[in-house]
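Each remark here refers to the structure printed beneath this line.
The values are calculated or read from the model by the stated rules, or taken from the named source; none is laboratory data. Only a predicted model underlies this, so the values are computations on that prediction, with no experimental measurement involved. Note: ideal-geometry Cβ built from the backbone for every residue, glycine included; neighbour counts use all protein chains shown. We work out accessible area using only protein heavy atoms, side chains counted, and drop any ligands, DNA or RNA first. Shrake-Rupley method; radii C 1.70, N 1.55, O 1.52, S 1.80 Å.
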Amino acid sequence: MKETPLSNCERRFLLRAIQERKRLDGRQCYDYRNVRISFGPEHGCCVVELGKTRVLGQVSCELVPPKPNRATEGILFCNLELSPMAAPGFEPGRQSELLVKVNRLIERCLRNSKCIDTESLCVVAGEKVWQIRVDLHLLNHDGNITDAASIAGIVALCHFRRPDVSVQGKEVTVYSPEERDPVPLSIHHMPICVSFAFYQQGTYLLVDPNEREERVMDGLLVIAMNKHCEICTIQSSGGIMLLKDQVLRCSKITAVKVAEITELIQKALENDQKVRKEGGKFGFAESIPNQKITAFKMDSAAVDTNNVEEQAEEIITKADPPSEVFAKPILHTPGTAQIGEGIENAWGDLEESEREEAAEEEGESSATLLVAEDEPIVLSDSEEEEVVILEPEEVPKKARPQTNLKQESTSKKAFNKKRRKKRASR
């Protein structure tokens, strides 16, 4: 999936803001985003957040044969992965131009600068050495992947501990952390990358560009330096021509930023080591804020239970009296009703065809029952085709004549027959 391109309006807006020395996140031109470092439960695992850009660093090791031309040196290998989880524009299993460029820059920053003593990784010369592998995973992309990856890589290496080994003749014994304490790596210095974005052929300069600022930049300059002001690597891309004064100005800014970041890394490592010794919270659990997962969590508040009855009476007296209007159920159709005040319920309404059928059935089956002591009972249908008058007669209580029973049965049969014919004709 390709990333969504910027519209012309967004591009003009960003360039106009940069000309006015303004940035979208409120920073100044030379300001760096906040750097946050958190460590995992095991040594060698860390997450570095540069603003909203997040990179996970994981270091592992194994015993391998050394390279033929360097029999007494260990091996340092770095790898960066850009997954679609970080941004939809990254495709899995495909090495984009950006990935190749950043991977080469990280390797030059960490391996070629000799920040690790590779000779201390040798176990048996010419036979077995330690291979240190640094895996970097981009979790979220918001610009300046190079700086975040370089910080995550060096922090993970400083935090890593390799197993202790012993050599007796040709036998190499690797001890578990329970048997012997792991051994930290020998770190000479901490190279850190700082990126500079140039606009309008080098007229305007921004430090630590975010994702939108990277889209409209004309060129990029990356300088890797340690706290001793030693430049480890430098790379310019974008095809812009930079003057000597511009490069010197960028190097001075880099020296200040690297000193601040190195101090932050050392404090984070010291705090993590101290917490692990004391047995407190460490790892990712320590770095999660209280309100980040439980967003609706509230602190418990003391409840005063004194004078509860008096307070309840005051609330009742202040409350509005209940309404005296009692709703009556409205029967729309058999089996439905409305209870409560307000708009009538329309569930019981019938369609026109159903209304006509119901009216016809009611007209056919309607009967006027006139019950009185001396008056007769009249049963009639809607079209008054047949009228049957039943005269009350005095019949002895003990026996009832058969003639009356026969007359009633014949009248009922005739009435039902007429009714069936009428329905069949319809």
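Worth a mention:
- Every pair of residues 6+ apart whose Cβ atoms lie under 7 Å, when the first sits in region 199-211 and is touching a residue at least 60 places away in the same chain (Cβ under 8 Å) and aliphatic (A, V, I, L, M) while the second is open to solvent by 10 Å² or more (accessible area, probe 1.4 Å) and part of a loop (DSSP other than H, G, I, E, B): 205/29; 206/29; 207/29; 207/30; 207/31; 207/32
- The single condition from (1) modelled with pLDDT of 90 or more; (2) in contact with a strand residue (DSSP E or B) (Cβ under 7 Å, 6 or more places away or on another chain); (3) closer than 22 Å to residue 238 by Cα that residue 14 fails is (2).
- Just one of the numbered conditions (1) in a helix (DSSP H, G or I); (2) closer than 28 Å to residue 202 by Cα; (3) among the β-branched types (Val, Ile, Thr) is not true of residue 240: (1).
- All told, residue 142 meets the bar of being open to solvent by 40 Å² or more (accessible area, probe 1.4 Å), of a type in the set (Asp, Glu) and either assigned to a loop (DSSP other than H, G, I, E, B) or over 30 Å from residue 167 (Cα atoms) (or both).
- Condition met for residue 205 (surrounded by 21 or more Cβ atoms within 10 Å (Cβ to Cβ) and not in a loop (DSSP other than H, G, I, E, B)): no
- Exactly one residue among 268, 259 is closer than 23 Å to residue 58 by Cβ, of a type outside the set (D, E, K, R) and modelled with pLDDT of 90 or more, and that residue is 268.
- Unmet requirement for residue 64, which otherwise passes all of (1) within 19 Å of residue 183 (Cα to Cα); (2) open to solvent by 50 Å² or more (accessible area, probe 1.4 Å): (2)
- Residue selected from region 177-202 under the condition part of a loop (DSSP other than H, G, I, E, B) and open to solvent by less than 40 Å² (accessible area, probe 1.4 Å), by the criterion farthest from residue 115 (Cα to Cα): 202
- Test: residue in region 40-55 that is among the small types (Gly, Ala, Ser), in contact with a strand residue (DSSP E or B) (Cβ under 9 Å, 6 or more places away or on another chain), surrounded by 19 or more Cβ atoms within 10 Å (Cβ to Cβ) and more than 23 Å from residue 141 (Cβ to Cβ): yes
- Residue 87 falls short on exactly one of the conditions (1) out of contact with any His (no Cβ under 6 Å at 6 or more places or on another chain); (2) under 20 Å from residue 49 (Cα atoms); (3) open to solvent by less than 20 Å² (accessible area, probe 1.4 Å), and that condition is (1).
- Which numbered condition residue 234 misses (of (1) part of a loop (DSSP other than H, G, I, E, B); (2) over 24 Å from residue 81 (Cβ atoms); (3) among the aliphatic types (A, V, I, L, M)): (1)
- Checked against the criterion of being touching a residue at least 60 places away in the same chain (Cβ under 8 Å), closer than 16 Å to residue 37 by Cα and not aliphatic (A, V, I, L, M), region 176-190 has no qualifying residue.
- Residues being under 27 Å from the mean Cα position of the chain (by Cα) and without any contact (Cβ under 8 Å) to a residue 24 or more places away in the chain - total across region 8-26: 1
- Residue check for residue 36: basic (Lys, Arg) and either farther than 25 Å from residue 148 by Cβ or loosely packed, with under 13 Cβ neighbours inside 10 Å (or both): no
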